[in-house]
1. So who's got an amide H within less than 5 Å of the one on PHE80, skipping anything under 5 residues away but keeping other chains? H placed 1.01 Å off N, in plane.
2. Taking Cα pairs under 8 Å and at least six residues apart, what relative contact order does region 209-374 come out at, in percent?
3. Tell me, ASP253, ASP306 in order of fewest to most beta-carbon neighbours within 10 Å?
4. Any chance you could run the full-extension gain for TYR247 through LYS104? It's 0.36 nm times the residue separation minus the Cα-Cα distance, nm to one decimal.
5. Stretched out fully, how many nm does the piece from CYS42 to GLU165 gain, at 0.36 nm a residue minus the Cα gap?
6. What ranking do MET272, MET203, MET316 get, fewest neighbouring Cβ atoms within 10 angstrom at the top?
7. To the nearest 0.05, how large is the calculated FRET efficiency for SER20 and ARG261 if R₀ is 41 Å and r is the Cβ-Cβ distance?
8. If you add up the charges near HIS307, with Lys and Arg at +1 and Asp and Glu at -1, over every other residue whose beta carbon is less than 13 angstrom from its beta carbon, what do you get?
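Only the coordinates and a few stated rules stand behind these numbers; no lab work does. This structure is a prediction, so every number in the text was calculated from the model and none was measured. All Cβ positions, even for glycine, are placed from backbone atoms using ideal geometry, and neighbour counts span all protein chains on display.
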Amino acid sequence: MSDAVQEDEIVNFSEGTQKSSADYEKEIYDLQQMLEISRSLCTTLELPNLIESILYTTLAQMRVLGAGVFILQALDSHSFYLGSNYSGLEIDQSLDYSIPVDSKLLEFISTPGKVFTLSELKSKFSKLKEFKMLDSLHPTLIVPLILKNHLNGILVLGERIAFTEVDAAYTEYEKNEISTIASLAAVAVNNASLVELSSTDMMTHLKLKYYFFNVLTEKLDMAAQDKHSLSVLMFDIDFFKKFNDTYGHACGDYVLQEVARIVKNSIRAQDMASRYGGEEFTVMLCNTSSREAMIVADRIRKSVADHDFFYENTHMKVTISGGVAVFSATEENTPVVSAKALVDRADHALYVSKRNGRNQITLADDELIKNLEKSENSAEETGGTKKSENKSSSAKKKSGGRKKTPAKKDV
């Protein structure tokens, strides 16, 4: 073998080795990325934040201009909904972006480790309503989120960032990569759903009291650190017992659900509403001043008062009373030092609204709290005086109301 031929073979082998080395380096880098993605997704337990993380991860890793996730709104939901869980997709407001859980299309794509293009689904499901809805999103890839053979969601990828048709097509390596991301996302969605279930009141679908306090404590710390305001609203349904006594407890449940729906629809995604107990509700408004909080609270009050509560052919009038308390990190000597203290101030303001005639909102300022404490102390003192008078009166009654004179002894 000549020296020239040997040199050519060495050069070719060297080029092959360098290419293979680059591939290995890319795979190692991608594995490191997957590890970071796994940490990010599996440590995010709030569903809205998790969905946002899944979307941004998909946009960055797959080089797409848009993405969306269809998920179940509750464990007993009959459809997967897109809702606001998308970024960069063009939405047709006239379409219903939901897929029934018993859809033949979902049954077909519920295969672990597989991804699908729209053209692969067209031949079998083009007549289905849900296929036409998916087609309107112009997806380049449809990826099921599957955990233990259970479908937790559907990830839809939009248009790719590509300069040629070759770049626009997904390689097998990229399909495997998005499948891995989908597997991690499925685990994370399942975990977040379990947290959602354990922290949510099943009747009203609002957060439970303990979870509200946990989040409020964290948000208070952040507000103090970032020098932001944070407000708490507390509402109580006026004369709620009347609905239970007049129409039955099923009617009371209906009123609770309708009021909860109005409250939830009246606040932002970053805010939180909870069922505090019985017919009481609390709302946390992030980065919200006292003026803004009063506007939101009164808007909710008016929405409830104007709503037509219709139960078993009966129109009912429902009103709520409310109290507002605000934490402001910019104010010196702020009286609020804990989540409980802030909620207590809102509760005091709610009490004033009730006392002053109901169907109104009261702001808990320092003067109001002082006056309320004075009236409570005065009531306690009055109550103590009355108790002592009652004891004295009762003692007199027992003794016949006069002093007994000792009997004369016989001499």
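1. Those qualifying (amide H under 5 Å, at least 5 residues apart or on another chain) are ILE99, VAL101.
2. On the way: 283 pairs, mean separation 48.0, N = 166.
With pairs under 8 Å counted, the relative contact order is 29 percent.
3. Values: ASP253 15, ASP306 8.
Neighbour counts put them in this order, fewest first: ASP306, ASP253.
4. Values: separation 143, 0.36 × 143 = 51.48 nm, distance 4.26 nm.
Stretched fully, the TYR247-LYS104 segment lengthens by 47.2 nm.
5. On the way: separation 123, 0.36 × 123 = 44.28 nm, distance 3.50 nm.
Full extension from CYS42 to GLU165 adds 40.8 nm.
6. Working: MET272 21, MET203 11, MET316 17.
If I rank by nearby Cβ atoms, fewest first, I get MET203, MET316, MET272.
7. Details: r = 59 Å, r/R0 = 1.45.
After rounding to 0.05, the efficiency reads 0.10.
8. Working: positive: ARG261, ARG299, ARG301, LYS302, LYS317; negative: GLU258, ASP306, ASP308.
Overall, the nearby charge balance is +2.
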